[in-house]
Amino acid sequence: MLQLFVGQLLNGVIVGTLYGIIALGVTLTFGITGIVNFALGAFMAIGAYTSWYLTDVVGIAYPVAVPLAVLVVAVFGLLADQTLFRFTRNNLINGLIVSIGLISVIQSVLLMLWTTTPKNMHYILPGVLNLDLFIVPKMKGVVFLVLLAVILATYAALTRTWAGRAAYAFAQAPEAAKLMGVRTGFLQTGVVVYSTALAGLGGALYASLYSLEVSMGSSYILKGFEAAILAGIGTVMGSLMGGIVLGVTEAVGSIFFPQAYRDAYGLVFLVLILLFRPSGLFVRTR
Amino acid sequence: MFAAATLATCFGIAPAKAQDVVKIGEIEAQTGALNTYGWMSSQGMRMAVEEINKAGGFEVAGKKYKLQLLNPDTQGNPQQALIELKGMLEQDHAKYVFGPFLTNIYKGIEPYATGFDGKFLLIGGATAIHFDLGKAQHGYLMRSWNWDAGPSGFGSLMVANLKQRGAKKVAMLMQNDAFGHVARDIYAPLFQKEGIQFDEEWFEPGTTDFSSVLAKIAAGKPDYLFPGYSDAVLYDIVRQATEVGLTKIWLVRGSLGPGLKNKDALDEYIIYIPKYFEEAQNTEPKVKKFIADYKAFYKTDFPYDQAPLCSSSCYDHVFMLVEAMQKAGSVDDVAKVKQALMSITYKGLWETRYDETGEEVINFDVVDIKKGGNIEVSHFTPK
């Protein structure tokens, strides 16, 4: 039982980082542009399909295909920002409607290109690490480390670079940031593109673990939002922690309760947290 | 109208008569997460229709007919399937409809189809069709797939075989949907009868990470994992099962694909396969010809992993229907054609006949993939 519990605790942490990377995109986009971008799940699907296509169809090595897929998603993110999201900034409803419309467009294009038949990438790194107390699939371990590194690097960039501090400043007081010389339009575009690239990275890594189908991003964007709300919108490390809490709740919950309702475990936990800490787990209350 | 009749008389042009063409419908998912079953059926059916028409059609009661295939894509969606079936029955007046293979689709169209009892035949592989065969107002039904249970059932045989392998405990991991519950209802008694402990776990459609539930199952140390039921989930389940040490898989639906992809991590992958084409192409001339024809027709590689599903409402069934119409001496008397279908044994890719309830009985194979990819095939011909 201990082995099962520890194993699932670890599995929850790993799956949780995938929720965390989406949550990070959600929190960054909302914090800087005021847009609730539900299309991040669809961008994740673009990243997944692109990495699968580049690896299995074109024959490019997976470590090269992943950054290429991220680049492709970032370009789509830039296009989406310049043609759509630019006009909806700081307008919650318009941004939401545009992002929901964008999901339909992206899913339809993916359907036209690759139908709804699931795609399975060849195994990049098969096998498991057996550490007595728990077993970790090697590829899941790699995905976890990459996502963790990206989230930590994002945190470092936001806290230790001028651009990062400018983003924080803009999130807290847009007018003051503008007066201090922050190029706000450029900053907002950069954040939208970076958030979509994060979703693309999540998708590209997801493709090495699971089967792909066009609506795969739907559940992940919901989990990403759950994680972001659980942590408290606006906290970078909180996004990671929110994702991990959600992943662990689902994984450990599935040991004691039926797997068929695993999505509900995270939601119940979210409701409980919000009852006692309405601003989220990792937001400091004054 | 008068002008058309005059033209036809003067120039000897006979207007195309509806009875010159026999319309056959097909309601299958050709795309979608559950398209595995319908896609191959559609592939084979197109080939059969093309082959028959290219040969000049077929003769019934001294008259030549050609076939017209109506095969839109249900995408695995019951509402879409219902729209398509309505079109086939009310606009195209098709009297023979093949499919569906999916239980959820059948459940979706059954109430409507029942209103057309006696006016058409629905020949499908869906497991749920079994339970309606012989029921009042369901004379239109025939089932184009071997039944799991019963003395000739492949499931009964496979469970008995599992007992011989020393299995004492089997864990089922099934999708929480219509077929999943039907599968449990079929197999729980079969395992019980053989004295094999049967545990069940369920997952929601759309699940891709099964590691938690598989770890839970693994902790119970079953001898075999019985996962369901389509390749859309099997690739993920089989991979993740091997990662938690569940290396013996036993299935009654799905393809060899997930087993072959994980062949180095698996100890056993036992699966009911209507025909193991890789072997049959060397021993059965009809199979060899079918594979060559397929490659020429679609200008692509032969889908060995999907091909066994051509045993249901597919290539052979079109030829069998034509033979039945010829025997019945009619293309539109569905009662006579059904009677003829029930009385013949068609020898094509499979040796196919229907039992007294209208359920298909075909010869089949059980394939066992061993560690590293070695394959053992057992052939069965039900009594």
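The values are calculated or read from the model by the stated rules, or taken from the named source; none is laboratory data. Bear in mind the structure is a predicted one, so any value in this text is a computation, not a measurement. Heads up, the Cβs are rebuilt from the backbone with ideal geometry, glycines too, and the neighbour counts pull from every protein chain shown.
Here are a few things to note about the model shown:
- Exactly one residue out of B:ILE271, B:ILE237 is in contact with a Leu (Cβ under 6 Å, 6 or more places away or on another chain), among the β-branched types (Val, Ile, Thr) and at negative phi, and it is B:ILE271.
- Residue within region B:31-45 that is more than 15 Å from the chain's Cα centre (by Cα) and either at pLDDT 95 or above or basic (Lys, Arg) (or both) present: no
- Pairs where the first residue, in region B:34-47, is closer than 13 Å to B:THR300 by Cβ and the second is among the hydrophobic types (A, V, I, L, M, F, W, C) and surrounded by fewer than 24 Cβ atoms within 10 Å (Cβ to Cβ), C-beta under 6 Å, 6+ apart: B:MET47/B:PHE297
- All of A:PHE76, A:PHE43, A:PHE5 fail the test of being part of a helix (DSSP H, G or I) and at pLDDT below 90, apart from A:PHE5.
- Whichever residue in region B:70-113 is part of a strand (DSSP E or B) and touching a strand residue (DSSP E or B) at 6+ places or on another chain (Cβ under 6 Å) and, among such residues, is surrounded by the most Cβ atoms within 10 Å (Cβ to Cβ): B:PHE98
- Count of residues meeting criterion [among the hydrophobic types (A, V, I, L, M, F, W, C) and within 10 Å of chain A (Cβ to nearest Cβ)] in region B:238-249: 1
- Residue in region B:118-131 that is under 22 Å from B:TYR37 (Cβ atoms), among the charged types (D, E, K, R) and assigned by TED's automatic domain parsing to the domain that holds B:LYS336 present: no
- Single residue of A:PHE269, A:PHE257 found to be more than 30 Å from A:TRP52 (Cβ to Cβ) and within 12 Å of chain B (Cβ to nearest Cβ): A:PHE257
- Take the conditions (1) closer than 28 Å to A:VAL109 by Cα; (2) touching a residue at least 24 places away in the same chain (Cβ under 8 Å); A:ALA251 misses just one of them, which is (1).
- Evaluation of B:MET342 against (1) over 21 Å from B:LEU69 (Cα atoms); (2) crowded, with 23+ Cβ neighbours inside 10 Å (one fails), failing number: (2)
- Residues satisfying the stated conditions in region B:207-226, i.e. facing chain A (nearest Cβ under 7 Å) and among the hydrophobic types (A, V, I, L, M, F, W, C): B:VAL213, B:ALA215, B:ALA219
- Restricted to region A:50-67, and to residues there that are in contact with a helix residue (DSSP H, G or I) (Cβ under 6 Å, 6 or more places away or on another chain) and either touching a residue at least 60 places away in the same chain (Cβ under 8 Å) or part of a helix (DSSP H, G or I) (or both), the residue that is nearest to A:LEU96 (Cα to Cα) is A:THR50.
- Number of positions in region B:102-141 that are free of Cβ contacts under 8 Å to residues at least 60 places away in the same chain, of a type in the set (Ser, Thr, Tyr) and within 22 Å of B:VAL252 (Cβ to Cβ): 2
- Where B:TYR229 falls short, out of the listed (1) part of a loop (DSSP other than H, G, I, E, B); (2) within 11 Å of chain A (Cβ to nearest Cβ); (3) of a type in the set (Phe, Trp, Tyr): (2)
- Elements of type helices (runs of 4 or more DSSP H) in region A:176-263, at least 1 residues being acidic (Asp, Glu): A:216-231, A:236-256
- When B:ASP117 is tested against (1) out of contact with any helix residue (DSSP H, G or I) (no Cβ under 9 Å at 6 or more places or on another chain); (2) of a type in the set (Asp, Glu); (3) within 29 Å of B:THR207 (Cβ to Cβ), just one condition goes unmet, and that condition is (3).
Rundown of residues vs (1) over 21 Å from A:TYR206 (Cα atoms); (2) more than 10 Å from chain B (Cβ to nearest Cβ); (3) without any contact (Cβ under 8 Å) to a residue 40 or more places away in the chain; (4) not hydroxyl-bearing (Ser, Thr, Tyr), yes/no style:
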residue: A:ASN91; (1), (2), (3), (4): yes, yes, no, yes
residue: A:GLY95; (1), (2), (3), (4): yes, yes, no, yes
residue: A:SER99; (1), (2), (3), (4): yes, yes, no, no
residue: A:LEU110; (1), (2), (3), (4): no, yes, no, yes
residue: A:LEU113; (1), (2), (3), (4): no, yes, no, yes
residue: A:ASN120; (1), (2), (3), (4): no, no, no, yes
residue: A:GLY127; (1), (2), (3), (4): no, no, yes, yes
residue: A:LEU131; (1), (2), (3), (4): yes, yes, yes, yes
residue: A:LYS140; (1), (2), (3), (4): no, no, no, yes
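- Selected residue (criterion: farthest from the other protein chains (Cβ to nearest Cβ)) from residues of region B:22-65 that are surrounded by 22 or more Cβ atoms within 10 Å (Cβ to Cβ) and part of a loop (DSSP other than H, G, I, E, B): B:ILE27
- Region B:179-206, residues that are within 14 Å of chain A (Cβ to nearest Cβ) and either more than 14 Å from B:SER230 (Cβ to Cβ) or of a type in the set (Ser, Thr, Tyr) (or both): B:HIS181, B:ARG184, B:ASP199, B:GLU200, B:GLU201, B:TRP202, B:GLU204
- Within the option set A:ARG262, A:ARG160, being away from chain B (no Cβ under 11 Å) and of a type in the set (Lys, Arg) holds for one residue only, A:ARG160.
- Positions within region A:222-262 being at positive phi and surrounded by fewer than 21 Cβ atoms within 10 Å (Cβ to Cβ), in sequence order: A:GLY234
- Qualifying residue in region B:299-311 (condition: surrounded by fewer than 22 Cβ atoms within 10 Å (Cβ to Cβ), free of Cβ contacts under 8 Å to residues at least 60 places away in the same chain and within 27 Å of B:PRO151 (Cα to Cα)): no
- Region A:100-115, subset surrounded by fewer than 18 Cβ atoms within 10 Å (Cβ to Cβ) and within 19 Å of A:THR196 (Cβ to Cβ), residue farthest from the chain's Cα centre (by Cα): A:LEU113
- Selected residue [part of a helix (DSSP H, G or I) and among the hydroxyl-bearing types (Ser, Thr, Tyr)] from B:TYR235, B:TYR304, B:TYR272: B:TYR235
- Scope region B:256-265; condition within 12 Å of another protein chain (Cβ to nearest Cβ) and either of a type in the set (Val, Ile, Thr) or surrounded by 21 or more Cβ atoms within 10 Å (Cβ to Cβ) (or both); matching residues: B:PRO258, B:ASN262
- Given (1) at positive phi; (2) in contact with a Phe, Trp or Tyr (Cβ under 7 Å, 6 or more places away or on another chain), index of the condition B:GLY99 fails: (2)
- Considered as a group, the residues in region B:160-178 that are touching a Lys or Arg at 6+ places or on another chain (Cβ under 8 Å) and more than 14 Å from chain A (Cβ to nearest Cβ) include one that is surrounded by the most Cβ atoms within 10 Å (Cβ to Cβ), and that residue is B:ALA178.
- Test result for A:THR159, assigned to a helix (DSSP H, G or I) and surrounded by 19 or more Cβ atoms within 10 Å (Cβ to Cβ): no
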